[in-house]
Amino acid sequence: MVERERILRGWTRAQLTEAAAIDPKTLRDLLNGRRRPTLGTVATLSRALDVPLAEVIAIVEQPRLPRGGQSEPTQDLLPLE
């Protein structure tokens, strides 16, 4: 979502890191899924892109098998692609 918004604005990753005042390596790791973002970083990116915070945060339901063998949903954060 962050990457799409960056591209729609015609910004480079360097321009986004400057607008959001975050380290370029941090942004690169977030976009590549090597690091999970903090809420503060997500909020900073949403302000820089002028996108509501709720639109930047993505949650996916994935089944998890407990000891009894029946699946129940869990929530995991998605990368900021």
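The values are calculated or read from the model by the stated rules, or taken from the named source; none is laboratory data. As the structure is a prediction and not an experimental result, all values here were calculated from the model. Neighbour counts are summed over all protein chains in view; Cβ atoms, including those assigned to glycine, are modelled from backbone coordinates with ideal geometry.
Restricting to segment 8-23, name every residue that is over 20 Å from L53 (Cβ atoms) and either part of a loop (DSSP other than H, G, I, E, B) or aliphatic (A, V, I, L, M) (or both). Steps first, please.
Start the filter on segment 8-23 by keeping residues that are over 20 Å from L53 (Cβ atoms), which leaves 10, 12-15, 18, 23.
Scanning segment 8-23 gives G10, T12, A14, D23.
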- Query: Quick one: in segment 22-81, which of the residues that are hydroxyl-bearing (S, T, Y) and modelled with pLDDT under 85 is nearest to the chain's Cα centre (by Cα)?
  - Reply: T74
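Quick one: is A43 surrounded by fewer than 17 Cβ atoms within 10 Å (Cβ to Cβ) and of a type outside the set (D, E, K, R)?
Values: surrounded by fewer than 17 Cβ atoms within 10 Å (Cβ to Cβ): yes; of a type outside the set (D, E, K, R): yes.
It is true that A43 is surrounded by fewer than 17 Cβ atoms within 10 Å (Cβ to Cβ) and of a type outside the set (D, E, K, R).
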- Query: How many residues are loosely packed, with under 15 Cβ neighbours inside 10 Å and in a helix (DSSP H, G or I) when one looks only at segment 25-40?
  - Reply: 4
- Note on the structure: The correct count of residues that are over 12 Å from the mean Cα position of the chain (by Cα), surrounded by 15 or more Cβ atoms within 10 Å (Cβ to Cβ) and of a type in the set (A, V, I, L, M) in segment 1-21 is 3
- Starting from segment 3-20, take each residue that is in contact (Cβ under 8 Å) with a residue 60 or more places away in the chain and list its partners that are surrounded by fewer than 19 Cβ atoms within 10 Å (Cβ to Cβ), counting only C-beta distances under 6 angstrom and pairs at least six apart or across chains. E3/L31; E3/E81
